[in-house]
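Let me begin by presenting the structure, written as structure tokens, before commenting on it.
Nothing in this text is a laboratory measurement; each read-out follows from the coordinates by a stated rule. Just so it is clear, the structure is predicted and the values come from calculations on it, not from any experiment. Cβ atoms come from the backbone with ideal geometry, glycine included; neighbour counts cover every protein chain shown.
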Amino acid sequence: MNPAIRPHAILAERAVHGAAIHEIGGDVTPSASNDAPLMRLCAALDAAFDAASDSAFDDPAFGAAVRAALAQAVADPALLTSAQREGAAATYRRHLLAADPRGRYAIASLVWMPGQASPVHAHHTWCGYAVIDGTLTESVYRWDDARQCADEIRSHPRTTGAVSFAPGGRDGVHRLMNVADADTGAAAVSLHIYGVSGEQIATHVNDVVAVAPRETMAA
């Protein structure tokens, strides 16, 4: 790989210009970033891509490499700046931290205030995430192609350090939520890696799906 186009150079340039990206509902504003832990994460992701063929992103070895990179990253308390842990009142907030200049992946922190949740969705691309702080509740769904909707199967807590990876497609329909009490609960923060370019993170990741009413859910 040409070192001139490695993500490390992009991160160094962004640090000078204070250009880590914060995104809420399509609005983006710049803020400062903390490069060293992100550079290590990018290096681990580069190695995972170097070891994989272009068509092997649903291979267990690639998923294991992404999970290992996530676990190492979230164990570093210096991973995020305070600005990259800021939430928003209306909905969960996404902070774009780094993007591969070859368009292979984008890295973001997501901040979930109490009561905030994602829509029920699958992914158009592979995705991995890890919980940095707090607890998220993940609800898992089974996609019914005949009925064109998803049935909830189970929910389980995802606590600090929990790591997950899934290939793209509707076999991985889920929802994430911070179920903490709105008055007394704390924010949750998670780290996400998506197999898209930075410019596509708000438009080419989530595949929002319909959910079956509880009274008609398939057995």
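List of remarks:
- Taking θ as phi - 60° and the Karplus parameters 6.51, -1.76 and 1.60, the scalar couplings of the stretch 179-184 work out to 8, 4, 4, 4, 8, 10 Hz in sequence order, x denoting glycine and proline.
- Of Ala90, Val66, Tyr129, farthest towards positive along the dipole that unit charges on Lys, Arg, Asp, Glu beta carbons give the stretch 56-180: Ala90
- Under 5 Å, built H, 5+ apart or other chain: amide partners of Trp126: Gly168, Gly195
- Segment Ala43..Ala182, full-extension length gain: 46.2 nm, with 0.36 nm per residue of separation and the alpha-carbon distance subtracted.
- Under 13 Å, Cβ to Cβ, from Val163 - net charge with Lys/Arg +1 and Asp/Glu -1: +1
- Multiplying the residue separation of Asp76 and Gln148 by 0.36 nm and removing their Cα-Cα distance gives an extension gain of 21.8 nm.
- Across q = 0.15, 0.16, 0.20 Å⁻¹, the stretch 71-219 modelled as identical point scatterers on its alpha-carbon atoms has Debye log10 I(q)/I(0) values of -0.78, -0.89, -1.31, in the order of the q list.
- Summed residue charge, Cβ within 12 Å of Arg40's Cβ, Lys/Arg positive, Asp/Glu negative: -3
- If the Kirkwood radius is taken over C-alpha pairs of the stretch 67-117, then at 37 °C and 0.692 mPa s the Stokes-Einstein diffusion coefficient equals 265 µm²/s.
- As a rough footprinting exposure proxy, the listed residues Val205, Val140, Val111 were ranked by other beta carbons within 10 Å of their own, and the order from fewest upward is Val140, Val205, Val111.
- Once the chain from Ser155 to Ala210 is taken as fully extended at 0.36 nm per residue, the excess over their C-alpha distance is 18.0 nm.
- Sequence of His121, His204 once ranked by neighbouring C-beta atoms within 10 Å, starting from the fewest: His204, His121
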